[in-house]
Amino acid sequence: MSGVTANDLRTAEATVRSREENEFTDWFSLWGPWHAVLKRTEADRWAQAEEQKYEMLENEYSQRVADRLKA
């Protein structure tokens, strides 16, 4: 009736499981609500990570961009 076969379901399940295994951690680390939890529960560590991020952006990132443009 729906045109969805048992093979379609197996393929979809395998795709979802594979993506969960390979991509979930990256996705979760970028998820805004998770950031809110970390900011609240790990405020000092979050602030330190933010500071390191901005230092890297000011120093290392600009050098990487310059190197990349030279290549």
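The numbers here are math on the coordinates, done by the rules we state, and not lab data. Quick caveat, the model's predicted, so the values are computed rather than measured. Neighbour counts are summed over all protein chains in view; Cβ atoms, including those assigned to glycine, are modelled from backbone coordinates with ideal geometry.
General observations
- Here the Karplus curve 6.51 cos²θ - 1.76 cosθ + 1.60, taken at θ = phi - 60°, turns the phi angles of segment 57-71 into couplings of 5, 6, 9, 5, 4, 4, 5, 4, 5, 4, 4, 5, 5, 6, 6 Hz, with x standing for Gly and Pro.
- Taken about its Cα centre, the chain carries a charge dipole of roughly 160 debye when the Cβ of each Lys and Arg holds +1 and the Cβ of each Asp and Glu holds -1.
- Contour excess over end-to-end distance, with Cα ends at TRP31 and ARG45 and 0.36 nm allotted per residue: 3.3 nm
- The chain shape via C-alpha gyration tensor axes, a/c threshold 1.5: oblate
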